[in-house]
Amino acid sequence: MEKLIITAAICGAEVTKESNPNIPYTVEEIGREAESAYKSGASIIHLHVREDDGTPTQNKERFQVCIGEIRKRCPDVIILPSTGGAVGMTNEERLQPIYLDPPPEMATLDCGTMNFGGNDIFVNTENTIIYFAEEMNKRGIKYELECFDKGMVDMALKLRNMAYIKDPMHFNFMLGVIGGINASTRDLNFLVNSIPENSTFCVGAIGKYEFPMVTLAIIMGGHARVGFEDNVYLSKGVLAKSNGELVEKAVRIAKELGREIASPHEARNILGLKINE
Ligand code: KMH
Ligand code: ZN
């Protein structure tokens, strides 16, 4: 089986230090969390950034500074900025990190609109998805197709048929978000059986579902996402001290199951990214 790519979603836009004091806000904290994940075996950092007070932002300069800090500590890691940002942001706000120079190798492309808790709606209309995809195509950025539900997979496939979304497709199935698909074996199977053969997929899940779903992904030949964005606990009632601890746990599970861990270089090969070495 292909080596396992581990993505660390180190920060997110919603979770706060009230849930876990180790959630990174400052540039230094973001660097520290990226480094701990990388040293533990993550080859991709899924990046949201914050103001020092924890407010989520898509500000380009803030991304630039945070990416600089991560690069100092993890020279070869793949950095995958969010274009989802936080609920309520405009499209232009959300897209800022793709206009960095040089552009990021990868970025998220959210594939549909959904309820996002309480009164929140995470809006991604068909036209928004096309617009984001085309902006990323122009810059040679590989999208990670964020699918929180089966309809989002179908939307991505439809846009692929219309040539807006390019092959090979790389999906991230986010399971267990209220408003999206459940974190269950049945539903993960449904998603995996819906994607083209030449595509790759990663699995992340919210809270207590993170490690059971990641374990399934490891067994099924998919890739794994862990991190504070999705889950702040190492085990029941035990807060993780760092993203590195969550990555270490995924590595332990993978090794027990006989799956080796991909380096950033190997991850680039698996995902078809350009190698600049
Ligand atoms: N924060 C969510 C509203 C992404 O990174 O593209 C969107 C999100 C997905 O986290
Ligand atoms: Zn995200």
*Within the range 150-167, can you find the residues that are within 27 Å of Thr185 (Cα to Cα) and either basic (Lys, Arg) or modelled with pLDDT under 95 (or both)?*
Lys150, Lys158, Arg160
*Run Val247 past the list (1) surrounded by 21 or more Cβ atoms within 10 Å (Cβ to Cβ); (2) in a loop (DSSP other than H, G, I, E, B) and report the number of the one that doesn't hold.*
(2)
*Collect the residues in the range 159-203 that are in a helix (DSSP H, G or I) and over 23 Å from Thr215 (Cα atoms), keeping them in residue-number order.*
Leu159, Arg160, Asn161
*Residue within the range 196-209 that is over 17 Å from Val153 (Cα atoms) and surrounded by 17 or more Cβ atoms within 10 Å (Cβ to Cβ) present*: yes
*Residue match in the range 53-69 (condition: in contact (Cβ under 8 Å) with a residue 40 or more places away in the chain, within 26 Å of Asn161 (Cβ to Cβ) and either within 16 Å of ligand 2 (Cβ to nearest atom) or crowded, with 23+ Cβ neighbours inside 10 Å (or both))*: no
*Looking at the range 107-140, which of its residues are more than 11 Å from ligand 1 (Cβ to nearest atom) and in contact with an Asp or Glu (Cβ under 7 Å, 6 or more places away or on another chain)?*
Gly112
_Ser43 vs. criteria crowded, with 19+ Cβ neighbours inside 10 Å, of a type in the set (Ser, Thr, Tyr) and under 21 Å from Tyr131 (Cβ atoms)_ = no
_Enumeration of residues in the range 254-263 that are crowded, with 18+ Cβ neighbours inside 10 Å and in a helix (DSSP H, G or I)_ = Ala254
_Residues satisfying the stated conditions in the range 120-136, i.e. of a type in the set (Asp, Glu) and farther than 15 Å from Met152 by Cβ_ = Asp120, Glu134, Glu135
*asked:* Against the definition (touching a helix residue (DSSP H, G or I) at 6+ places or on another chain (Cβ under 9 Å), away from ligand 1 (no atom under 16 Å from the Cβ) and in contact (Cβ under 8 Å) with a residue 60 or more places away in the chain), how does Val77 come out, yes or no?
replied: yes
*Residue satisfying all of: in the range 1-46; part of a loop (DSSP other than H, G, I, E, B), of a type in the set (Val, Ile, Thr) and within 16 Å of ligand 2 (Cβ to nearest atom); farthest from the chain's Cα centre (by Cα) among these*: Thr16
*Just one of Val27, Val49, Val65 is touching a Phe, Trp or Tyr at 6+ places or on another chain (Cβ under 7 Å) and among the aliphatic types (A, V, I, L, M); which is it?*
Val49
*Check on Asn276, under 21 Å from Pro168 (Cβ atoms) and free of Cβ contacts under 8 Å to residues at least 40 places away in the same chain*: yes
_Among the listed residues Lys236, Lys274, Lys249, identify the single one that is within 19 Å of Lys39 (Cβ to Cβ) and either in contact with a helix residue (DSSP H, G or I) (Cβ under 9 Å, 6 or more places away or on another chain) or polar (S, T, N, Q) (or both)._
Lys249
*So, of the residues in the range 141-158 that are touching a residue at least 40 places away in the same chain (Cβ under 8 Å) and in a helix (DSSP H, G or I), which turns out to be nearest to ligand 1 (Cβ to nearest atom)?*
Met152
_All positions within the range 47-89 that are of a type in the set (Val, Ile, Thr) and either outside any helix (DSSP H, G or I) or at pLDDT below 95 (or both)_ = Val49, Thr55, Thr57, Val77, Ile78, Ile79, Thr83, Val87
*Any chance Asn137 is surrounded by fewer than 23 Cβ atoms within 10 Å (Cβ to Cβ) and touching a residue at least 12 places away in the same chain (Cβ under 8 Å)*: yes
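The values are calculated or read from the model by the stated rules, or taken from the named source; none is laboratory data. Keep in mind it's a predicted model, so treat the numbers as computed, not measured. As a convention, Cβ positions derive from the backbone with ideal geometry for all residues, glycine included, and neighbour counts pool all protein chains shown.
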